[in-house]
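Only one structure is covered here, and it is reproduced in the block below.
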Amino acid sequence: PSTINLIQRRSDFPILSREVFGRPLVYFDNGATTQKPLCVLQTIERFYREINANIHRGVHKLSEESTREYENAREVVRKFLNARKTSEIIFTSGTTASINLVAYSFGEVFVHQGDEVLVTEMEHHSNIVPWQLLCERKGATLKVLPFDSNGALMLNKLPELLTPKTRIVAVTQVSNTLGTVNPIAEIVRIAHSQNIPVLVDGAQGVKHGKIDVQQLDADFYAFSGHKIYGPTGIGVLYGKEEWLERMVPWQGGGDMIATVSFAKTTFNELPFKFEAGTANYIGAAGLATALNYYSSIGPDIATAYEDELLKYATTKLKEIDGLTIYGNAPEKAAIISFLLNGIHPYDTGMILNKMGIAVRTGNHCTQPVIDHFGIDGTVRASLAFYNTFEEVDRLVEALHKVKEMFG
Ligand code: PMP
């Protein structure tokens with residue numbers, strides 16, 4: 001019965017009824033960004049039409065309403081993540097900004113010459129490069145936890161990689177290329193046993209089952225609105241208050257200050273200390289609608305359905321002669337990277353496109369993952385709860401055509 005519910009929900013997404021090259025769109029690029037339900041579009045339009053005013057600044061009615069919507073959105077995010085306090089919820093422009101914030105503001109205080117930062121081999125460039133910049137600035141060393149041939153992290157190597165010099169561990173909850181779901185709670189437990197905080201890149205994980213930052217005991221959790229049915233340009237950094245309080249501001253500007261003089265500036269309290277400049281308050285309201293929408297479906301129900309789709313797609317794809325799937329970890333989200341033997345991923349992607357099927361090709365901003373396998377890139381189908389078994393069949397049929405054309 002839950003599956004029937006989800007099929008009905010498909011019509012909440014206006015874009016899914018469009019055609020591409022004369023065929024109904026099959027949107028399998030949800031890892032890059034998800035489509036938006038009508039309620040999110042309506043929130044954004046209503047906000048611009050009826051409320052729009054800058055927040056925290058005006059004495060007037062519109063500004064007051066705008067501010068209330070923005071702070072309500074913060075409460076929606078807090079509840080969604082099950083954070084303790086709204087002061088632990090910082091709005092950013094996305095996952096990348098959230099990670100850069102921590103790499104700078106945490107790094108400035110806690111990372112010094114000779115220290116170490118640990119990431120994993122399956123991180124998105126957004127969870128590698130900010131740490132490299134930090135390490136370069138501070139004279140620290142970046143260390144890497146590898147993954148095995150199935151694309152599962154080699155957790156047995158974690159204890160030896162953590163040293164008295166490790167200042168932070170940064171790890172993705174779900175790999176955007178391999179689909180691997182990492183055992184975050186266990187990683188946190190191991191790191192915490194040595195008093196090392198953990199940043200979780202939740203860009204893909206945020207839409208994989210119910211998220212509870214207190215249960216995960218993550219010190220930081222970053223995600224983007226656009227990957228969970230919300231607007232682009234809005235994201236979240238959750239951070240434990242005890243860390244955020246001790247971190248220096250990242251960007252300076254309006255709203256993040258308490259007092260400014262040329263002699264000395266003092267900073268606003270949390271979370272405003274980390275929100276410089278005019279906030280994306282309409283994006284935040286859109287995100288709140290998206291999270292409420294997703295909660296109303298039920299993250300566990302959506303994920304269970306995506307798991308079924310994944311199982312079906314994996315079985316069907318494996319039946320295609322000469323097709324290799326990259327990422328076969330026991331715990332996987334609905335992301336499938338693959339290659340057809342002897343056919344460049346870009347060629348496969350182009351032909352799928354002509355058949356109305358949207359996939360992503362290339363390195364998916366995870367060059368080390370691609371290098372691990374010694375390949376040029378992959379074709380990636382990333383699914384969402386609004387995708388159907390029939391759409392998977394269309395992909396399989398189209399891949400047979402690709403083989404014919406190049407065979
Ligand atoms: N981390 C992961 C695992 C991702 O999949 C992405 C987006 N592809 C990011 C970080 C970066 O997210 P954004 O571009 O929204 O900042």
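The values are calculated or read from the model by the stated rules, or taken from the named source; none is laboratory data. Computed from a predicted structure; not experimentally measured. Every residue, glycine as well, gets a Cβ built from its backbone with ideal geometry; the counts of neighbours run over all protein chains shown. Heavy atoms of the whole protein, side chains included, go into the accessibility calculation; ligands, DNA and RNA do not. Shrake-Rupley method; radii C 1.70, N 1.55, O 1.52, S 1.80 Å.
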>> Out of the total accessible area of segment 21-153 (probe 1.4 Å, heavy atoms of protein only), what percent is carbon and sulfur?
In response: 52 percent
> What nm distance separates the two modelled labels at residue 144 and residue 129, each placed 7 Å from Cα along Cα→Cβ?
Replying inline: 1.6 nm
> Under a 5 Å amide H to amide H cut-off, with H placed in plane at 1.01 Å, what residues pair with residue 170 once short-range neighbours are removed?
Replying inline: 118, 119, 199
> Taking only the alpha carbons of segment 1-80, what extent do you get along each of the three principal axes, in Å, biggest first?
Replying inline: 52, 31, 22
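When ranked by the protection proxy of mean other Cβ atoms within 10 Å per residue, highest first, what sequence do the peptides 203-212, 375-384 form?
On the way: 203-212: 22.3, 375-384: 23.9.
Per-residue mean Cβ counts within 10 Å order the peptides as 375-384, 203-212.
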> Using a Gaussian network model of the chain with C-alpha springs under 10 Å, which one of 236, 119, 248 is most mobile by mean-square fluctuation?
Replying inline: 248
> Across bins of 10 angstrom width beginning at 0, how are the C-alpha pair distances of segment 238-343 distributed, in whole percent?
Replying inline: 11, 23, 19, 20, 16, 8, 2, 0
> Considering the dipole of the chain built from charges on the beta carbon (Lys and Arg +1, Asp and Glu -1) around the Cα centre, which of 53, 170, 86 is farthest to its positive end?
Replying inline: 53
> Any idea which of 149, 110, 182 is furthest toward the positive side of the dipole for segment 93-207, if Lys and Arg beta-carbons carry +1 and Asp and Glu beta-carbons -1?
Replying inline: 110
> Can you pull out the chymotrypsin sites (Phe, Trp or Tyr not before Pro) in segment 261-301 that DSSP calls coil and that have at most 12 other Cβ atoms within 10 Å?
Replying inline: 262
>> Run the reach check for residue 401 against aspartates and glutamates, Cα to Cα strictly under 16 Å, same-chain hits fewer than 8 apart removed. What comes back?
In response: 319, 321, 347, 391, 393
> Which whole-number percent is the relative contact order of the chain (Cα, under 8 Å, 6+ apart)?
Replying inline: 23 percent
> Can you tell me the accessible area per residue over the chain, all protein chains present, probe 1.4 angstrom, in square angstrom?
Replying inline: 42 Å²
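Residue 165: net charge of surrounding residues, Cβ under 15 Å, Lys/Arg +1, Asp/Glu -1, itself excluded? Can you show the working numbers first?
On the way: positive: 138, 143, 167; negative: 115, 116, 160.
Around residue 165, the charge tally is 0.
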> Taking amide H positions as placed 1.01 Å from N in the peptide plane, with prolines and chain starts having none, which residues 5 or more places from residue 257, or on another chain, fall under 5 Å of its amide H?
Replying inline: 268
>> Taking all protein chains in place and a 1.4 Å probe, what share, in percent, of the accessible surface of segment 240-279 do carbon and sulfur account for?
In response: 54 percent
> To the nearest 20 debye, what charge dipole does the chain have about its Cα centre, counting +1 at the Cβ of each Lys and Arg and -1 at the Cβ of each Asp and Glu?
Replying inline: 520 debye
>> For segment 84-243, what are Rg and Dmax over the alpha carbons, in angstrom?
In response: 14.5, 41
>> Output needed for segment 283-407: three equivalent-ellipsoid semi-axes, defined as square roots of 5 times the C-alpha gyration tensor eigenvalues, in descending order, whole Å.
In response: 27, 17, 15
> Taking only DSSP H segments of four or more residues, each worth -39500 (n - 2.57), what value at 222 nm results for the chain once the sum is divided by all its residues, to the nearest 500 deg cm²/dmol?
Replying inline: -11500 deg cm²/dmol
>> Cross-link candidates for residue 207: which lysines have Cα within less than 26 Å, leaving aside residues fewer than 8 places away along the same chain?
In response: 36, 79, 85, 227, 240, 311, 316, 318, 332
>> Given the chain, report the % of alpha carbon pairs whose separation exceeds 38 Å.
In response: 23 percent
>> Placing +1 on the Cβ of each Lys and Arg and -1 on the Cβ of each Asp and Glu in segment 274-331, which of 278, 327, 312 has its Cα farthest towards the positive end of the resulting dipole?
In response: 278
> Can you run phi through the Karplus equation (6.51, -1.76, 1.60; θ = phi - 60°) for segment 242-259 and list ³J(HN,Hα) in whole Hz, with x for Gly and Pro?
Replying inline: 4, 7, 4, 4, 8, 8, 7, x, 9, 10, x, x, x, 6, 8, 9, 9, 9
>> I'd like the carbon and sulfur percentage of the solvent accessible area for segment 154-232, probe radius 1.4 Å, heavy atoms only, ligands and nucleic acids excluded.
In response: 49 percent
>> Please report the net charge: other residues with Cβ closer than 13 Å to the Cβ of residue 189, K and R +1, D and E -1.
In response: -3
> Long-range amide H contacts for residue 84: which residues qualify at under 5 Å (H placed 1.01 Å from N, peptide plane, sequence gap of 5 or more or a different chain)?
Replying inline: none
> Which order, highest average first, do 88-96, 191-199, 319-327 follow once you tally other Cβ atoms within 10 Å for each residue and take the mean per peptide?
Replying inline: 88-96, 191-199, 319-327
